[in-house]
Amino acid sequence: MEYLRQMGALIWKDVVIELRTRERIAAMGGFTVLVGVLFNYAIDPTVVEPQAIASALIWMTIVFGGMLGLGRTFHLEEEEGAFQGILLSPIPRDALYLGKVVANFILLTAVTILVFGVFTLFFGIQLGGHPLALVGVVLLGILGFVAIGTLFSAMSARTSMGESLLPILVFPLLIPVVIYGVTATSRLFQGLPVSEVDGNIRMLGAFAVVALAVGAGLFRFVVEE
Amino acid sequence: MSKLNRWFLALALLIAFLPELAQAQSGLPDAGALASQNLRGYTHMFIAYFIAWGLILGWVVSIARRLGRVEKALRE
Amino acid sequence: MSGKIRWSGAVLGILGLALVLVVHWQVFYWVSTERTMGVVQRIFYIHVPAAWVAFMAFGIVAVCSAVYLWLEDERLDMAALAAAEGGMLFTSIVLLTGPLWGRVAWGTWWTWEPRLTLTLLLFFIYLGYFLVRSSTENSERGKRFAAVVGIVGALEIPLIHVSVQFFRSLHPEPVVMTPEGPSLPGDMLTTLFTGLAAFTLLFLAFFLFRYGLERMKRALAHRQLAGDGVPLPEGVSS
């Protein structure tokens, strides 16, 4: 109970900071809308139907937009030694990590909703008839993404390369999310039954669980001196 | 690593290349029997072997040079 | 470098080189030519051993990293670093020889074949491993970061493997580790095993030399920092 309360306090702190500054959400939101505009001009509709590649476009936008925000997860804390203060408090390190993951997850969910809005609006994409399965696929996918991304953004924030290191560390590990997420999403967009994406959802869930467990276990080696 | 050891390592690697060198000089082996086969296969195979051993040799040389430098610095 | 490391490295290296000679004789004079792919299939005898060594090196990196985080013994970090450098080299060999084979055998330089893809991703995990080391001013921090990268990579590799397998498979089917026993003809199998043994021994020899080099480098850095006459930390000696 105490654990959850501490985690809740951390999440609340991050959400309030984000709501007041709107730094990351503005950058990520602007990025997604502009990427939608760019994709519009990058795709020749006489050659390829936007609907046919919609799931790929959506996932790539989520991943690239997500990297933009994840890279700055620990930016505020790195300034003026604020993170030392958090580390001095008697919060378990895994609670610290999970709190950051949940805060990032909330942020990325908001961005994902925006991505889906932008793409259905701009390209008239049909989302298929299984909204619940689609939500499950997307949420599990971004949970795994955020779990990996938060761990490595804590790392990259403390290197001299900074955020430019993050994609090199995260993208190779993100292959399962992209493969299972994109195939499941495109199958659902085609209106295939949920049984077709059953295995994908399970694999996305497995990835998220492994990523969260690994991140929670190793986070203290990244932040402690 | 002493200078002698380094020379030994380089020599041994050279010997490892000898079958290929001999092969390259004597032309393609069993040219009659294999004439029907695509000769480009040979080029690709030899390139692959040279890349592999070239990279390994490069690593060995780099380790040897770094060792030499550090050993010199440690002696000073 | 201590005498023990030097001698065991030299012995392993000589054994490895002897086997390299044997495997080259086998590959170029002895083994029969594969019927459908022709002579280019002989790349197999360095391609597969290189891949084996690359994955073995990654196993060493992961195990040493995990125990390093636990015990914080400098020697484990040096071993992980030495293995990672070898792993990077052998993944490069796999990635360069694979397309040369594929060009002739399948008519294409690159395919998104699961094992090839996995090796490419392994290469980038190794790259990240070295980048986190080189981009931290505090070397203790860099060691811990690198260990975390090594562990996370090793734990994710099975998932990546399953997922790329799910995506597509074009590669020749497994010919050695099949449930019915090896399907490769006897002489090819012998050649392959000689290659595997040669590469493993060579890797272990270079690994030991690289490890000894790292030890001397750190001893030197320590001496320059602390001045002469200061006792070295455990595990670091010239």
A:E225 paired with A:E49, simple spin-label distance in nm, labels 7 Å along Cα-to-beta-carbon: 5.9
Determine the distance separating the Cα centre of the range A:1-71 from the Cα centre of the range C:5-52; give it in Å without decimals. 50
Nearest 0.05, what FRET efficiency do A:A26 and A:L87 give at R0 = 25 Å with Cβ-Cβ as r? 0.30
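Within 10 Å of each Cβ of C:142-152, how many other protein chain Cβ atoms are there on average?
That works out to 5 on average.
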Extending each Cα 7 Å along its Cβ direction at A:L132 and C:T190, get the distance between those two points in nm, one decimal. 6.4
Ignoring any ligand, DNA or RNA, what whole percent of the accessible area of the range A:2-223 comes from carbon and sulfur when the probe is 1.4 angstrom? 69
Please calculate how many Å² of accessible area the range C:64-108 carries per residue, with a 1.4 Å probe and no DNA, RNA or ligand atoms counted. 32
For C:T136, residues with placed amide H under 5 Å, excluding near neighbours: A:S160
Values of log10 I(q)/I(0), in the order q = 0.07, 0.08, 0.09 Å⁻¹, for the range A:2-223 under a Debye, Cα-only, solvent-free model: -0.23, -0.29, -0.37
Within chain C, which complete DSSP H helices have Cα atoms spanning at least 18 Å along the helix axis and a mean Kyte-Doolittle hydropathy of 1.0 or higher? C:3-25, C:44-71, C:114-134
Among A:E163, A:E79, A:E23, whose mean-square fluctuation peaks in a Gaussian network model of chain A (Cα, cutoff 10 Å)? A:E79
Identify all lysines with a Cα-Cα distance to C:K217 below 23 Å; exclude those on the same chain that are fewer than 8 residues away in sequence. B:K3, B:K72, C:K4, C:K143
So which residues in the range C:16-36 end up with at least 20 square angstrom less accessible surface once the other protein chains are there, compared with the chain by itself, probe 1.4 angstrom? C:L17, C:V20, C:L21, C:H24, C:F28, C:Y29, C:T33
Taking a probe of 1.4 Å and leaving out DNA, RNA and ligands, the range A:2-223 shows per residue an accessible area in Å² of 43
Most fluctuating residue of A:M161, A:M203, A:M60 in a GNM of chain A with Cα springs under 10 Å: which is it? A:M161
0 to 90° range, to nearest 10: angle between helix A:198-223 axis and chain A longest Cα axis: 20
Among C:L220, C:L17, C:L76, residue whose mean-square fluctuation peaks in a GNM of chain C (springs only between Cα atoms under 10 Å): C:L220
Report the label-to-label distance for B:I47 and A:A9 in nanometres (one decimal), using points 7 Å from each Cα along the Cα→Cβ vector. 6.4
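For the interface of C with A, what's the total buried accessible surface in square angstrom, probe 1.4 angstrom, rounded to the nearest hundred?
Heavy-atom accessible area buried at this interface is about 2600 Å².
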State, in square angstrom and to the nearest 100, the accessible area buried between chains C and B, both chains counted, probe radius 1.4 Å. 3800
Along each principal axis, Cα extent of the protein assembly as shown, largest first, Å: 74, 70, 43
At R0 = 22 Å, how high is the FRET efficiency between C:S8 and C:V67 if r is their beta carbon distance? Nearest 0.05 is fine. 0.60
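The values are calculated or read from the model by the stated rules, or taken from the named source; none is laboratory data. From a predicted model like this one, the values you see are computed outputs, not experimental measurements. For neighbour counting, all protein chains shown are included, and Cβ atoms are generated from backbone atoms with ideal geometry for every residue, glycine included. Note: areas computed on protein heavy atoms with side chains; ligands, DNA, RNA excluded. Shrake-Rupley method; radii C 1.70, N 1.55, O 1.52, S 1.80 Å.
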